[in-house]
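All remarks here apply to the structure that follows.
Values in this text are rule-based calculations from the coordinates and carry no lab data. Everything numeric here is computed off the predicted structure, so don't read it as measured data. Positions of Cβ are generated from backbone atoms using ideal geometry, with glycine treated the same way; all protein chains shown enter the neighbour counts.
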Amino acid sequence: MIVLGIESSCDDAAAAVIETNRPGVAIVRANAIAGQDDIHRPYGGVVPELASRNHILTIEPVVQRALAVAGCQLSDIDGIAVTRGPGLVGSLLVGLMYAKGLSQATGIPLVGVNHLEGHLLAPLLENELTMPYLALVVSGGHTALFEVQAFGRYRRLGATRDDAAGEAFDKVAKLMGLGYPGGKIIDELARRGNPKRIRLPRARVKRAPLDFSFSGLKTAVALFLRSEGAPSTSESDLAASFQEAVVDMLVRPTIAAARELDAETIVLTGGVAANSRLRERLSAAAAADGRRLVAPSFKYCTDNAAMIAIAGSYRLLRGEADPLSIDAQANLPL
Ligand code: KG4
Ligand code: ZN
């Protein structure tokens, strides 16, 4: 079966073509993406109206590019998988309406996919994993722990109560005047800094040990920047101290959840999974506990359509399809 995946939930318009004959086992034939970092950079964050307007311009070319790279015609496609939520509703609508139009015009079956399910199944694009496994999804929009029990069966163990981890990276980079998106910049700066230089809080959520909270840390950095000590502190020390606090707050609940489930495999996914310190610390903590850390390649950690295609294909393989009346849903639950 050849599946076309389409994703436009935030600021990336993406299309991918995968080949699959068994749930969770796929060959990626094309994985195209049209990013918008340059468009949102002046604002230090994603501007929803600009995101959806630009998706309108790029969705058709990005799908055509994926088909061309895969060496496919539309007539070769057996199913379409498209993100229907959660995300920015204006952004979601562009990909969803485009996919519905394709399906209506060609008769190719369509399935709507939850974006988070895409992140959770992304490691299967490169690895054979046995379920259940534990997954930490950390991106600009999400920070959550899930038990992936089977295709279509996911249990949320904990999530952020306020900011997502990537959002904290981006906001702190903005406070420090470093540019956008901030995660990668802070990661690189932090390599030269001392993570113990500035004492920053590590929040814990009362009676919810698997939940996260990052807004207090962001405020602590803002207050520090206004304090007397700030001018004498190097940027790299502040970046390293902030990053270490985020990593501590991600590693502790993840290891606690892994012990609770006695999970053999921990999956780390989402844009923040690119963070070098997080990868290093989580993989050491997992190994010390006799567990294995699996993190997809960066192109499958960040938003992409290959993960949407693989998440939709187990339903398409069963012969399922969604009606063309499916809606985009900003807060679509998993
Ligand atoms: O998954 P993604 O591409 O989009 C969302 O669904 O949000 O994630 C983007 C987020 C941004 O907040 C970005 O700053 C963060 O991932 N990020 C990083 C790194 N690379 C990207 N955060 C920390 N360290 C990095 N190396
Ligand atoms: Zn995402």
Handout entry: Spatial extent of region 134-175: Rg and Dmax, with the Cα atoms as the point set, Å
Key = 12.4, 41
Handout entry: For peptides 94-101, 154-161, sequence by mean Cβ density within 10 Å, most packed first
Key = 94-101, 154-161
Handout entry: region 129-295 - Rg (one decimal) and Dmax (whole number), Cα, Å
Key = 15.9, 53
Handout entry: Theoretical ellipticity at 222 nm over the chain - DSSP helices of four or more residues, -39500 (n - 2.57) apiece, nearest 500
Key = -13000 deg cm²/dmol
Completion exercise
Taking 198-208, 175-185 and ranking on average Cβ neighbours within 10 Å, highest first, one gets 175-185, 198-208
Practice task
Could you work out which residue, out of Gly216, Gly290, Gly87, moves most in a Gaussian network model of the chain, that is, has the largest mean-square fluctuation with Cα springs under 10 Å?
Solution key: Gly290
Exercise for the section: Before anything else, pin down the relative contact order of the chain: Cα pairs under 8 Å, at least 6 apart, normalised by residue count, whole percent. Expected result: 25
Exercise for the section: Just tell me which lysines come within less than 30 Å, Cα to Cα, of Lys218; anything on the same chain fewer than 8 places away is out. Expected result: Lys171, Lys174, Lys184, Lys196, Lys206, Lys299
Exercise for the section: Give the relative contact order (percent, whole number) for region 129-295; include only Cα pairs under 8 Å separated by 6+ residues. Expected result: 26
Exercise for the section: Report the FRET efficiency, 1/(1 + (r/R0)^6), for Ser232 and Asn194, where r is their Cβ-Cβ distance and R0 is 22 Å, rounded to 0.05. Expected result: 0.95
Fill in the blank from the handout: Given all pairs of distinct Cα atoms, region 40-137 yields a Kirkwood Rh in Å of 15.6
Problem - Neighbourhood net charge (13 Å Cβ-Cβ; Lys/Arg +1, Asp/Glu -1) for Lys171 - result: -2
Exercise for the section: Between Arg155 and Phe298, with labels modelled 7 Å along Cα→Cβ, what's the label distance in nm to one decimal, could you check? Expected result: 3.6
Handout entry: Cα centroid separation, region 139-183 to region 3-51 (Å)
Key = 17
Exercise for the section: Output the peptides 138-146, 262-270, 32-40 sorted from most to least packed, where packing is the average of other Cβ atoms within 10 Å over each peptide's residues. Expected result: 138-146, 262-270, 32-40
Handout entry: Within-11-Å neighbourhood charge of Phe298 [Cβ basis; K, R +1; D, E -1]
Key = +3
Practice task
Restricting things to alpha carbons, tell me how big the chain is in terms of Rg and Dmax, in Å.
Solution key: 20.0, 66
Completion exercise
FRET efficiency for Asp327 and Ser75 from the Cβ-Cβ distance with R0 = 45 Å, rounded to 0.05, comes out at 0.95
Problem - GNM result for the chain, Cα springs below 10 Å: residue of Ala305, Ala285, Ala135 fluctuating most strongly - result: Ala285
Fill in the blank from the handout: If R0 = 51 Å, then Glu260 and Arg318, at their Cβ-Cβ distance, give a FRET efficiency to the nearest 0.05 of 0.95
Completion exercise
Summed over the other residues with a beta carbon less than 9 angstrom from that of Gly118, with K and R at +1 and D and E at -1, the charge totals -3
